[in-house]
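Trainee: Here you go, one structure.
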Amino acid sequence: MLSNKSFCKKKNRNRIFHLILFSLFFLPPSLLAQSNTVKGKVVGTDALGIDAVSVIQKGTTRGTTTSADGTFSLSVTNPNAILEISSLGYQTQDIALKGRMDITVTLQASVAKELEQIVVVGYGTANKRDLTGSIVKISGKEIADKPNTNPIASLQSKVAGLSVVNNGTPGSAPDIRIRGTVSIGQVHPLYVVDGIFNDNIDYLNPADIESIEILKDPSSLAIFGVKGATGVIAVTTKSAKAGQVVVNFNTSYGFKKLIDKIKFADANLFKTLFAEENVNIGNLNPIDYTGMTANTDWIDAVTRTGHFSSNNLSVSGSSEKNKFHLGLGYISDEGIIVRQKLEKMLLSFRDEFKLNKNIKVGLNLNVEKQKLPYGVDWALDVARKVMPQISSGTMPFKIKDPYNPDSINTNLYSGLNVALQNSGVVNPLIQIENEWDKTINTEFRTVGSIYAEINFLKDFTFRSTFYADRSNVNSRQYTPI
């Protein structure tokens, strides 16, 4: 049994415990936690205060906004709290107080990164926000993933005001205009590759391009003089990234064929139309089609499905003093006309060595060797003039051997009936099959530069470059009897 005195002590202890619980549940939080008042100011990069900036203690509902001069005052529950500061048009920042009760925060504009984009201008680079002219930048990725042997062909429909008309012949340069054409001087734009002037960039491997800038505004081209009057296409090739060794291999394959081709009359319709023409001109003699029993679509006869493949291997590396990039490429491109094929091998090498913090030297080298396609662009024009009654295949004939007194049996293409065909019209397959493998047309081109660069003032750089562009074309043709 408990004594009266013990029972009263126990009852008093229970009352105290209940009062403590009641205060924990019903007293305001501001009375339970120590209050710390933070005062501060939010300014922009111009050091002027920004009003209506949201200042919130992260993880709580405590918050306030800045006044017209950018100042604010906020009570926080923890002297080491984190403040989240945000405003429309600025980058959000998290500020750790670390016991500070008076702070100043500088907000950065949210578009700063976009404005700081670096583009190539003339012999150097500039921030995009500092430009007054019209410049469009295309990344190398958008160039490399297109099945084109010429990188300029991949710019089609990429840039407003840039007209690119591609040619169906493998390896041929497209016709390009920037904002129309001119009546005096060159009509194509000026090409600048890593600061060096070029008339074309056929020798570049599309996989080795870092970016392409198209300069369209005359006010932006003053540095190039008269040469830049028709626009400038500035190309930056790839170089190694700092502290990385990267090995990259990519390959692509595709095919192409003629679509929406012109429909021609077949053999029966040709006979009907030709007979009507003869009646109209008063020629009533029947046409002799003896030996002409074929029904040939000559456009189909001289065209095919062409195949395209591109294979590229690159190795790049960088150290504190040296960075290099080596690229190898092989491109095979068949045209839609039979026996038309381009083969191209490409080598690119870039190396830059830093002698000290103020002096560096470098080497850029591009080598191209290509076997140009047999020139057969005339075939489509000739094919549309040949009668469908002529066979596109070969037939065995016994003829005199032109190199021996004996006769030989050989497969020959059909000639044309000169009485029915216009003068000058020939069977296109005779000429193609007789010449395509007896024509050799190769090009070997080397484009390179060496340079030295000296930085001896904060805002002054001297650079000297020696540049060479050499091309050798070897063309041979043999026409047999």
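Trainee: Please work out which one of (1) open to solvent by 70 Å² or more (accessible area, probe 1.4 Å); (2) in contact (Cβ under 8 Å) with a residue 60 or more places away in the chain is the condition residue 280 fails and give its number.
Mentor: (2) is the only condition that residue 280 fails.
Trainee: Sticking with this one: Of a type in the set (A, V, I, L, M, F, W, C), outside any helix (DSSP H, G or I), at pLDDT below 85 and closer than 30 Å to residue 135 by Cα: does that describe residue 88?
Mentor: Details: of a type in the set (A, V, I, L, M, F, W, C): yes; outside any helix (DSSP H, G or I): yes; at pLDDT below 85: yes; closer than 30 Å to residue 135 by Cα: yes.
So residue 88 fits the description; yes.
Trainee: Right, something else. List pairs: first in the range 458-481 and in contact (Cβ under 8 Å) with a residue 12 or more places away in the chain, second exposed (fewer than 10 other Cβ atoms within 10 Å of the Cβ) and outside any strand (DSSP E or B), Cβ under 7 Å, 6+ apart or cross-chain?
Mentor: 481/402
Trainee: Here is a follow-up. Are there strands (runs of 3 or more DSSP E) fully within the range 330-442 with at least 2 residues that are touching a strand residue (DSSP E or B) at 6+ places or on another chain (Cβ under 9 Å) and crowded, with 20+ Cβ neighbours inside 10 Å? List them. Don't jump to the end; show me each part of the working.
Mentor: On the way: elements: 341-354, 359-371, 394-400, 407-413.
The strands (runs of 3 or more DSSP E) meeting that bar are 341-354, 359-371.
Trainee: Name every residue in the range 188-204 that is among the acidic types (Asp, Glu) and open to solvent by 50 Å² or more (accessible area, probe 1.4 Å), in order of residue number.
Mentor: Looking only at the range 188-204, we keep the residues that are among the acidic types (Asp, Glu), and these are 194, 199, 202.
Answer for the range 188-204, where residues must be among the acidic types (Asp, Glu) and open to solvent by 50 Å² or more (accessible area, probe 1.4 Å): just 199.
Trainee: Can you report the number of residues in the range 252-290 which are within 47 Å of the chain's Cα centre (by Cα) and in a helix (DSSP H, G or I)? Write out each step before concluding.
Mentor: Of all residues in the range 252-290, those within 47 Å of the chain's Cα centre (by Cα) come to 252-266.
Filter once more, so that each one left must be in a helix (DSSP H, G or I): none.
Adding up the residues that qualify gives 0.
Trainee: A further question follows. Can you confirm whether residue 35 is closer than 21 Å to residue 101 by Cβ and either open to solvent by 70 Å² or more (accessible area, probe 1.4 Å) or at pLDDT below 85 (or both)?
Mentor: Criteria met by residue 35.
Trainee: Check 201, 214 and return the single one that is of a type in the set (A, V, I, L, M, F, W, C), assigned to a strand (DSSP E or B) and at pLDDT 85 or above.
Mentor: On the way: 201 fails: assigned to a strand (DSSP E or B).
Result of the check over 201, 214: 214.
Trainee: Moving on to the next point. One residue is enough: does the range 293-309 have a residue meeting the conditions under 30 Å from residue 466 (Cβ atoms) and modelled with pLDDT under 95?
Mentor: Looking only at the range 293-309, we keep the residues that are under 30 Å from residue 466 (Cβ atoms), and these are none.
Among the residues of the range 293-309, not one is under 30 Å from residue 466 (Cβ atoms) and modelled with pLDDT under 95, which makes the answer no.
Trainee: While we're on this one: State all residues of the range 60-97 that are touching a Ser or Thr at 6+ places or on another chain (Cβ under 6 Å), surrounded by 15 or more Cβ atoms within 10 Å (Cβ to Cβ) and more than 17 Å from residue 47 (Cα to Cα); if no residue qualifies, say none.
Mentor: Within the range 60-97, 74 is the sole residue that qualifies.
Trainee: Let me ask you something else. Within the range 442-481, how many residues are out of contact with any Asp or Glu (no Cβ under 7 Å at 6 or more places or on another chain) and under 27 Å from residue 403 (Cβ atoms)?
Mentor: 6
Trainee: If I filter the range 220-243 down to residues being modelled with pLDDT of 75 or more and not hydrophobic (A, V, I, L, M, F, W, C), which single residue comes out as surrounded by the most Cβ atoms within 10 Å (Cβ to Cβ)?
Mentor: Filtering first and then ranking leaves 231.
Trainee: Okay, next question. Between a first residue in the range 44-55 that is surrounded by fewer than 16 Cβ atoms within 10 Å (Cβ to Cβ) and in a loop (DSSP other than H, G, I, E, B) and a second residue that is among the polar types (S, T, N, Q) and modelled with pLDDT of 90 or more, which pairs have beta carbons less than 6 Å apart while being 6 or more apart in sequence or on different chains?
Mentor: Going by the 6 Å Cβ cut-off, the qualifying pairs are 51/66.
Trainee: Considering only residues that are β-branched (Val, Ile, Thr) and open to solvent by 100 Å² or more (accessible area, probe 1.4 Å), look in the range 244-271 and name the one that is nearest to residue 148 (Cα to Cα).
Mentor: Within the range 244-271, the subset β-branched (Val, Ile, Thr) is 245-247, 251, 259, 262.
Pick out the ones that are also open to solvent by 100 Å² or more (accessible area, probe 1.4 Å) and you get 245, 247, 259, 262.
Working: 245: 28, 247: 23, 259: 19, 262: 26 Å.
By that ranking, first place goes to 259.
Trainee: Going by the conditions given, is residue 465 in contact with a Phe, Trp or Tyr (Cβ under 6 Å, 6 or more places away or on another chain), among the β-branched types (Val, Ile, Thr) and surrounded by 14 or more Cβ atoms within 10 Å (Cβ to Cβ)?
Mentor: Working: in contact with a Phe, Trp or Tyr (Cβ under 6 Å, 6 or more places away or on another chain): yes; among the β-branched types (Val, Ile, Thr): yes; surrounded by 14 or more Cβ atoms within 10 Å (Cβ to Cβ): yes.
Criteria met by residue 465.
The values are calculated or read from the model by the stated rules, or taken from the named source; none is laboratory data. Small disclaimer: the values here were computed from a predicted structure and weren't measured. Cβ sites come from the backbone with ideal geometry, for glycine too, and all protein chains shown count toward neighbours. Side chains included, ligands, DNA and RNA excluded: accessible areas come from the protein's heavy atoms. Shrake-Rupley method; radii C 1.70, N 1.55, O 1.52, S 1.80 Å.
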